[in-house]
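Since the structure comes first, as structure tokens, the remarks are kept for the end.
The values are calculated or read from the model by the stated rules, or taken from the named source; none is laboratory data. All figures in this text were calculated on a predicted structure; none of them were measured in a lab. Glycine also receives a Cβ, built like all others from the backbone with ideal geometry; neighbour counts cover every protein chain displayed.
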Amino acid sequence: MSDKLESIARDCEEAIAAGQDRITLVFNKGCGWRGMGFGRGELLCEQHDGRRVYQFKASKVLAALRGSKAA
């Protein structure tokens, strides 16, 4: 798993441990995150440069990342 994905996994674990059930992630336009298995997510906003801010359920993101680590 890449450093970036490991960082997201740690953030998810910390959020869950703190009693938070959601995590906010920012993606560049066209980065193809939908194939990562995070679920649909909630679009919070779209930046002027095309970046998009989504909110996901932390447990789903963590499960998807653990699944990709096993693959």
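Going by the conditions given, is S2 of a type in the set (S, T, N, Q), at pLDDT below 85 and surrounded by fewer than 11 Cβ atoms within 10 Å (Cβ to Cβ)?
Values: of a type in the set (S, T, N, Q): yes; at pLDDT below 85: yes; surrounded by fewer than 11 Cβ atoms within 10 Å (Cβ to Cβ): yes.
When the stated conditions are applied, S2 passes them.
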Filtered residue count, the range 14-28, keeping only those that are in contact with a Lys or Arg (Cβ under 8 Å, 6 or more places away or on another chain) and either farther than 17 Å from K4 by Cα or without any contact (Cβ under 8 Å) to a residue 12 or more places away in the chain (or both):
2
Any chance you could count how many residues in the range 13-56 are under 17 Å from G67 (Cβ atoms), assigned to a helix (DSSP H, G or I) and either hydrophobic (A, V, I, L, M, F, W, C) or touching a Pro at 6+ places or on another chain (Cβ under 7 Å) (or both)?
3
Name the single residue that is modelled with the lowest pLDDT among those in the range 25-49 being touching a Gly at 6+ places or on another chain (Cβ under 9 Å) and loosely packed, with under 11 Cβ neighbours inside 10 Å.
G30
